[in-house]
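A.B. asks: Can you read through this structure? Questions will come right after.
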Amino acid sequence: MKYLIHIIFLSELFCQVYQFEINSIPNMETPLSMNGDGTKIVGTNFGGEAVYWSDSTGTQVMGIGKMWGISDNDRIFGELANDVENWEAALIENGETTLLGNIEHGNSCDAFYSHGLGISSDGLTGVGMGWKDCKTSAFYWTDDSGIIELGQYLGESTKAQAVSGDGQLIGGWAQTSNRATCLWDRDGHITLIGSLQENSDYGEVHAINNDGTQVVGYCSGGAGNNTEGFIWTAQNGMVGLGVPSNSAATNRSLAMDISENNVVVGQYLNETPIFYKACIYTEETGQFVNLQEYLFDLGMIEINDWDLQRALCVSDDGNTIAGYGKDPQNNWTGWLINISASLINDQQIAEDEELNMDLSYLG
């Protein structure tokens, strides 16, 4: 006996469609940090002013200085000119500015007193550096304890400029024979994490993800690269992100920020001496690629009218990126890119495929 089996296959073909939006950020040429969902940005402008931006408020100037960090509960950490025109670490919350002072026994050097350089996403831990006898010492700050000095390294300067979202891991640099990539815990224990070149510790930590498992920055590069952006983890150590092809005399890339799904944004030297282009790393690209070309390949045709020179911050989901460059009218400006992706049912095909399966049955 033969059994004729009919199997009907219903197949749906989906394709991913991207939507893009790019806008200038008025009066903020250099966006330095954004909150987790990318709706609020802080930075500075060419006039040396600290600037805040959101879609609902537009751009707001907050005084002479720079705003380096904004938390998910809208606390802003930065540096502002104080009454004697020295730059001092500052917290801005609900429109109120609080100057935070300096490390113990600190003093000014030229026009510098202390600097607020980042804040955790939960808003509970700020990081920065204070001045003492014209050397710097890294610190972190909390509401309860104020400024807590992390200390110099063997008597030389240190700088804290990155902090995990929970405030438990702090990053920056420590002066050795050069600036060296380093991490601190909240007890002040320092770890030099090295570089991609043997016998070199040169580099800086620029950003840490929320749970402290991913650290990015730049360091002495791998083979053929002078300076290279990196991702560091406790498990894998330093992993280089490469340098996109360029016309510069030296290969140089820098990682500036990382999302919660491992999108890294930064910049690379495209032409000597100082002409940079924005770059991006995703798990799909596997290395840094030119951001403008990456977006064009996704279908953002209008990006060709812009000149994206540096990508400086990215939202937690990796879909909002801010940086600076030139708009289609050749004006220097901060820019904000929003990317959204959706799956659409491209076509629905019902196929009635008859499989003649010749099954022999002995009966």
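A.B. asks: Out of segment 89-141, which residues are part of a strand (DSSP E or B), hydrophobic (A, V, I, L, M, F, W, C) and under 16 Å from Ile208 (Cβ atoms)?
C.D. replies: Leu117, Ile119, Val127, Ala138
A.B. asks: Every residue in segment 72-92 that is among the hydrophobic types (A, V, I, L, M, F, W, C) and within 15 Å of Gly48 (Cα to Cα), please.
C.D. replies: Within segment 72-92, the subset among the hydrophobic types (A, V, I, L, M, F, W, C) is 76-77, 80-81, 84, 87, 89-92.
Within segment 72-92, Leu80, Ala81, Trp87 meet the criteria.
A.B. asks: Shifting gears a bit: Can you tell me which residue in segment 23-38 is surrounded by the most Cβ atoms within 10 Å (Cβ to Cβ), limited to those that are assigned to a strand (DSSP E or B) and among the small types (Gly, Ala, Ser)?
C.D. replies: Ranking the qualifying residues of segment 23-38, first place goes to Ser33.
A.B. asks: Please find, among Ser157, Ser114, the residue that is among the hydroxyl-bearing types (Ser, Thr, Tyr), more than 17 Å from Thr233 (Cα to Cα) and either out of contact with any Gly (no Cβ under 9 Å at 6 or more places or on another chain) or in contact (Cβ under 8 Å) with a residue 60 or more places away in the chain (or both).
C.D. replies: Ser157
A.B. asks: Turning to a different aspect of this structure: Checking the conditions here, which among Trp87, Trp131 is farther than 30 Å from Gly36 by Cβ and surrounded by 22 or more Cβ atoms within 10 Å (Cβ to Cβ)?
C.D. replies: Trp131
Conditions (1) surrounded by 16 or more Cβ atoms within 10 Å (Cβ to Cβ); (2) more than 18 Å from the chain's Cα centre (by Cα); (3) without any contact (Cβ under 8 Å) to a residue 24 or more places away in the chain, marked per residue:
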{"residue": "Lys40", "(1), (2), (3)": "yes, no, no"}
{"residue": "Ala50", "(1), (2), (3)": "yes, yes, no"}
{"residue": "Trp53", "(1), (2), (3)": "yes, no, no"}
{"residue": "Val61", "(1), (2), (3)": "no, yes, no"}
{"residue": "Lys66", "(1), (2), (3)": "yes, no, no"}
{"residue": "Ser71", "(1), (2), (3)": "yes, no, no"}
{"residue": "Leu80", "(1), (2), (3)": "yes, yes, no"}
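A.B. asks: Condition test on Glu283, is it out of contact with any Gly (no Cβ under 6 Å at 6 or more places or on another chain) and surrounded by 12 or more Cβ atoms within 10 Å (Cβ to Cβ)? Full working, then the answer.
C.D. replies: Numbers: out of contact with any Gly (no Cβ under 6 Å at 6 or more places or on another chain): yes; surrounded by 12 or more Cβ atoms within 10 Å (Cβ to Cβ): no.
Against the criterion (out of contact with any Gly (no Cβ under 6 Å at 6 or more places or on another chain) and surrounded by 12 or more Cβ atoms within 10 Å (Cβ to Cβ)), Glu283 does not qualify.
A.B. asks: Within segment 57-68, is there a residue that is at pLDDT below 95 and not β-branched (Val, Ile, Thr)?
C.D. replies: no
A.B. asks: Scanning segment 213-271 for residues that are in a strand (DSSP E or B) and charged (D, E, K, R), which turns out nearest to the chain's Cα centre (by Cα)? Outline the logic, then answer.
C.D. replies: Filtering segment 213-271 for residues in a strand (DSSP E or B) gives 215-220, 227-233, 237-240, 252-258, 264-271.
Now drop any that are not charged (D, E, K, R), which leaves 228, 252, 257, 271.
On the way: Glu228: 15, Arg252: 17, Asp257: 1, Glu271: 23 Å.
Here the answer is Asp257.
The values are calculated or read from the model by the stated rules, or taken from the named source; none is laboratory data. Predicted, not measured: the structure shown is a model, and the values here were computed from it. Virtual Cβ from ideal backbone geometry, glycine too; neighbours counted across all protein chains shown.
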